[in-house]
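> Supplied in structure tokens, the structure appears directly below.
The values are calculated or read from the model by the stated rules, or taken from the named source; none is laboratory data. Quick caveat: nothing in here was measured; it's all calculated off a predicted structure. As a convention, Cβ positions derive from the backbone with ideal geometry for all residues, glycine included, and neighbour counts pool all protein chains shown. Quick note on the areas: whole protein, heavy atoms, side chains included, nothing else; ligands and nucleic acids left out. Shrake-Rupley method; radii C 1.70, N 1.55, O 1.52, S 1.80 Å.
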Amino acid sequence: MSDVSFHDYVTLSAEGKADLLKRSETDLSGFLDRVKPIIEAVKTEGDAALVRFARDFDKANVTIDSLKATEKEFDAAFDAVEKDVVEAIQFGIDNIRHFHEEQKPEAMWMKEMRPGAFAGDRYTPIKSVALYIPRGKGAFPSVTMMTAVPAVVAGVPDLAIVTPPTADGSVDAATLVAARLAGVETVYKCGGAQAVAAVAYGTETVKPALKIVGPGSPWVVAAKRLLSCVIDPGLPAGPSEAVIFADETVHGGLAALDLLIEAEHGPDSSAYLITHSRRVAEEALKALPEHWARMTEQRVEFSRAVLTGKYGGIILTSSLQESYDVVNAYAPEHLEILSTDPFAHLSHITEAAEILMGPHTPVSIGNFGLGPNAVLPTSRNARTWGPLSVHDFVKRSSIGYVTKSAYPDFAKHARTLARYEGFSSHEWAVSEIRDGYTG
């Protein structure tokens, strides 16, 4: 397909190479200005604003009385969802729960730093967290699984889902099934920037939360950024992105098949095949039309927009090392290492949020329940962030305990540094004055 973006990396200018690293959310200036009045409306009008925005943005018939999903709606969802879908959700939840239970830190640890002096950490769950489940370009019970399970494993006592309503004012049935099976029974019918504002400030129906996690559109990302001083916005998860790294040991048709996985999420997604093999690149180009012929019209439209636009396509490098360099510079959300020997490449790649290795581990399996979390940092944030985890739902406190016998040595050194830094109260707190109180 000649219209698929093809980049011969060695011929690109420095500016051209930099352009490949950009994502649709890189520049949010146009969204920030439009999100501000939405936030202000929710802050001042509460439920009334949520209902109005549901009608205007989601074309959904939602009333103030129906903003929260009822127990009856949860029950009906299990009748509406096919048995094999429920089984697939349960399969994924079981694996995700097992992974995050293994990941969960011990409640407290302490070690003896010096004789009689102990220090460590204690982990306690965050009191309230909102889980954002996108809806605009499809239904995503898998995101419910990935956000709800680690939150429940962490022991967060107050959990709620916010998700855009469908046209008839309901919630996607599979999302309700996933929520209940994961252990979350509170679901609010609001999405976009207005949902972020609702859980930041609270409304008559929506309870405020301390933190919000979950991927979303640039509208959601912009709202999180503007409200970061009101609510913890969690890891930066925006529109989907993936890099398929392929060496010469695989067929390009396989690389093309997996290249479409994240590209079909929407036209604001990013997806690149990176390979040093011209054969693989050409086979991928040839295979794309065959793969598109099997897809639904909407997903073809989305993925074609990505692969023919400025946020996707094929990058042909001059060597394996250059492929490693491009992957690390891009720092993708999802990375597949397509190779018959993926472990040979693993040590060369340090900047990726999720690394799926070998011909039998496509992003689909990672997204739907291998176990590791598929809510991941986007827009090069994999350079400093990791996947959503149990750790995102707990907070860490340092613990210290010094015995009477160990105190004098610590006090002596503390007095010395306090005096040097000019803090007289610090100094007197570890002086003979303290000895007079403690004996």
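> Once amide H atoms are built 1.01 Å from N in the peptide plane, which residues 5 or more positions from VAL4, or in another chain, come under 5 Å H to H?
none
> Given LYS36/LYS72; LYS22/LYS59; LYS68/LYS224, which pairs have Cα atoms separated by over 28 Å?
Too far apart for the 28 Å limit: LYS36/LYS72; LYS22/LYS59.
> Taking the full set of protein chains and a 1.4 angstrom probe, give the accessible area of ASP33 in square angstrom, rounded to the nearest 10.
Only protein atoms counted, so the area is about 100 Å².
> Compute, for ARG299, the solvent-accessible surface of its heavy atoms (probe 1.4 Å) with the complete set of protein chains present, and express it in square angstrom to the nearest 10.
Roughly 50 Å² of ARG299 is accessible to a 1.4 Å probe.
> A follow-up question, please. On a 0 to 90 degree scale, rounded to 10, what angle separates helix 252-263 from the longest Cα axis of the chain?
For helix 252-263, the angle is close to 60 degrees.
> Now for a different question. To the nearest 10 degrees, how steeply does helix 47-57 sit against the main Cα axis of the chain, on a 0 to 90 scale?
Tilt of helix 47-57: around 20 degrees.
> Now, a different point. What angle do you read, to the nearest 10 degrees and between 0 and 90, between the alpha-carbon axis of helix 278-292 and the longest principal axis of the chain?
80
> While we're here: So what is the 222 nm mean residue ellipticity for the chain from helices alone, if each DSSP H run of at least 4 adds -39500 (n - 2.57) and you divide by all residues, rounding to the nearest 500 deg cm²/dmol?
Per the formula, -13000 deg cm²/dmol.
> I need the phi-derived Karplus couplings for the stretch 365-377: 6.51 cos²θ - 1.76 cosθ + 1.60, θ = phi - 60°, integer Hz, Gly and Pro marked x.
Couplings: 5, x, 5, 10, x, 5, x, x, 6, 9, 8, 9, x Hz.
> Here's a follow-up. Along the charge dipole of the stretch 319-389, Cβ charges K/R +1 and D/E -1, which of SER323, LEU376, SER339 sits furthest on the positive end?
With unit charges placed on the Cβ atoms, the residue in question is LEU376.
> Which trypsin sites (Lys or Arg not before Pro) from the stretch 82-148 combine a DSSP loop assignment with at most 13 other Cβ atoms within 10 Å?
Those that pass, being in a loop and sparsely packed, are LYS127.
> Using θ = phi - 60° and the Karplus relation 6.51 cos²θ - 1.76 cosθ + 1.60, list the HN-Hα couplings for the stretch 64-80 in order, rounded to whole Hz, with x at every Gly or Pro.
Coupling constants for the stretch 64-80: 4, 6, 10, 5, 10, 5, 8, 4, 4, 5, 4, 4, 5, 4, 5, 7, 7 Hz.
> Students sometimes get this wrong: rank HIS345, HIS7 by accessible area, probe 1.4 Å, all chains present, largest first.
Putting HIS345, HIS7 in descending order of accessible area: HIS7, HIS345.
> Students often get this wrong: which residues of the stretch 47-84 have the backbone nitrogen under 18 Å from the point 7 angstrom along Cα-to-C-beta of VAL230?
47-54
> If you place +1 on the Cβ of every Lys and Arg, -1 on the Cβ of every Asp and Glu, and leave all else neutral, what size is the dipole of the chain about its Cα centre, to the nearest 20 Debye?
The calculated dipole for the chain is roughly 1360 debye.
> May I pose another question? What residues have an amide H closer than 5 Å to that of ILE399, excluding those fewer than 5 places away on the same chain, when H is modeled at 1.01 Å from N in the peptide plane?
GLY120, ASP121, ARG122
> So if a site counts as exposed when it's one of the GluC sites (Glu not before Pro), its DSSP state isn't H, G, I, E or B, and it has at most 16 other Cβ atoms within 10 Å, what's the longest stretch of the chain without one?
For GluC sites (Glu not before Pro) (loop position, at most 16 other Cβ atoms within 10 Å), the longest site-free span of the chain is 249-350.
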